[in-house]
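Asker: The structure's right below; bear with me while I get my questions together.
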Amino acid sequence: MGSRSHLQAVPTTVTRWVTLLAVLVLTTSCAGGVGDRSVAVFTSRCGTTPATSGVGVVVDEGVVLTAAHVVIGAGSVTVSTTGDVVGSLLADIVHLDVRRDLALLRVPEIRARPVDLATASSGDDLTVALPDATFGRVTVTRPVTINIEDVRADTRSRRAGYELRGELVRGDSGAGLFDEQGNLVAMFFSRSVTRDVIYAIGDTEIAHVLSAPRALYSCDLEESRVVIR
């Protein structure tokens, strides 16, 4: 979560460096019950990769969406609805997309209806839900196509997403952005280190991952990352 990645919004030619950290401004109010979909994600170390933490979004019965860079180096993964590692639930990684920086976790104990997806436009205000019952508000600056290095890879890919404005607090990669109707619009994955700008992965990329085939992943100690079993 502390690594940096070379990012560019297309069609502009301005190169930006970002950290793989989602960022929020915290408030104490929220629309539409989206807080029930937010969980904290914790990992243990895998080989030389240290333990990390982030945020996830409950997207269906027993399924949590989070950022791939949060769990790619996991020895084990747990999730918590309270933000506290104590009493957290064991999770399995069942899909990992390093191009989109998205991952799916299986947590059988979690009950939820399938999330609805939606698209945002420039100027829209979105709510960010955190697992400790606090919430953030961010504003869409513009939809963008993001050209960025794949997670833990030398390759680069483009992903559809958003450039947003908001007060910044570090450490919540994987947090979901919701519209006023409670639809999931995007997921935080990074912020610029040179500008007051945050970036999120859009609903079309999320939809692709939600419909993708699933498998079980586990830690490969030699690679210090998870691989398909």
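No lab work stands behind these numbers, since they all come straight from the coordinates. Just so it is clear, the structure is predicted and the values come from calculations on it, not from any experiment. Here the Cβ is made from the backbone with ideal geometry for all residues, glycine too, and neighbour counts use every protein chain on show.
Asker: Return 178, 189 ranked ascending by Cβ neighbour count within 10 Å, so the fewest neighbours appear first.
Answerer: Fewest to most other Cβ atoms nearby, the residues stand as 178, 189.
Asker: Another question, then. Shape call for segment 95-165 from the C-alpha gyration tensor, a ≥ b ≥ c root eigenvalues: rounded (a/c under 1.5), prolate (a/b greater than b/c) or oblate?
Answerer: Since a/c reaches 1.5 but b/c is at least a/b, the shape of segment 95-165 is classed as oblate.
Asker: Decide, for segment 33-109, between rounded, prolate and oblate: order the square roots of the alpha carbon gyration tensor eigenvalues as a ≥ b ≥ c, take rounded if a/c falls under 1.5, and otherwise choose prolate if a/b is larger than b/c, else oblate.
Answerer: Oblate, since a/c reaches 1.5 and b/c is not below a/b.
Asker: P(r) of segment 49-202 in 10 Å steps, Cα pairs, percent per bin?
Answerer: In whole percents, the pair-distance histogram is 11, 42, 37, 10, 0.
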